[in-house]
Amino acid sequence: MAKRVHQPREDAEFDFILGMSKVPVLAYFTGTWPKAIEPCRAMDLVVGDIADEYTGRLTAVRADITRCPAATERYGITGAPSYVLLKEGEAVAHGTGPMTIAEVREFLDGHL
């Protein structure tokens, strides 16, 4: 995982990161149950590359569903991996499932 991807340990830290970001936030929700582990690990690399590529234009946050249950509920996350693009704390786009780097770019570029 790229150093530019924040990994909050709890909801309060997730909310702090959102509040401090001056740019849109890509919140990437992961899970630790057996069917989620492999796709989430694959997306760690993609999100890390995106965080590096969009430096200064985007803040990337990797939130574990079990550690950030309030954020998970707030944004209607029902599976992992899932993505929410947030502008000033408001969700402007949602996505689910594994994506290629090109698909993540397309997901982002229409809203940044």
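The values are calculated or read from the model by the stated rules, or taken from the named source; none is laboratory data. Quantities reported herein were computed from a predicted structural model and do not represent experimental measurements. In this analysis, Cβ positions are derived from the backbone assuming ideal geometry, glycine residues included, and neighbour counts consider all displayed protein chains. These accessible areas exclude ligands, DNA and RNA; they are computed on the full protein's heavy atoms, side chains included. Shrake-Rupley method; radii C 1.70, N 1.55, O 1.52, S 1.80 Å.
Of the beta bridges in segment 7-94, as assigned by DSSP with both residues counted there, near 60 percent are antiparallel. Count Lys and Arg as plus one, Asp and Glu as minus one, and take only other residues whose Cβ is under 12 Å from that of residue 40; the net charge is then 0. Here is how the number arises for the chain: DSSP H runs of 4 or more residues each give -39500 (n - 2.57), the sum is divided by the residue count, and the result at 222 nm is -12000 deg cm²/dmol. Starting from the Cα gyration tensor of segment 1-64, take the square roots of the eigenvalues, sort them a ≥ b ≥ c, and report rounded, prolate or oblate (rounded when a/c is under 1.5, otherwise prolate if a/b is larger than b/c, else oblate). Judged from the Cα gyration tensor, segment 1-64 comes out oblate (a/c at least 1.5, b/c at or above a/b). Charge dipole of the chain (Cα centre as origin; +1 on each Lys and Arg Cβ, -1 on each Asp and Glu Cβ, all else neutral): 140 debye, rounded to the nearest 20.
Accessible surface of residue 23, taken over heavy atoms with a 1.4 Å probe and every protein chain present, rounds to 40 Å².
Of the accessible area of the chain, computed with a 1.4 Å probe over protein heavy atoms only, carbon and sulfur atoms account for 52 percent. Accessible surface for the chain, divided over its residues, is 55 Å² per residue with a 1.4 Å probe. In the chain, the C-alpha radius of gyration followed by the widest Cα-Cα span (Dmax) gives 12.4, 35 angstrom. Taking a sphere under 13 Å around the Cβ of residue 11 and counting the other residues whose Cβ falls inside, with K and R at +1 and D and E at -1, yields a net charge of -2.
Applying both filters, DSSP loop and at most 10 other Cβ atoms within 10 Å, to the trypsin sites (Lys or Arg not before Pro) of segment 43-112 gives 57. For segment 41-84, what does the alpha-carbon gyration tensor say about shape, rounded, prolate or oblate, given a ≥ b ≥ c as the root eigenvalues, a/c under 1.5 as rounded, and a/b over b/c as prolate? Because a/c hits 1.5 or more and a/b exceeds b/c, segment 41-84 counts as prolate.
What's the center-to-center distance, using Cα atoms, between segment 1-67 and segment 82-112 in Å? With segment 1-67 and segment 82-112 each reduced to a Cα centre, they are spaced 12 Å.
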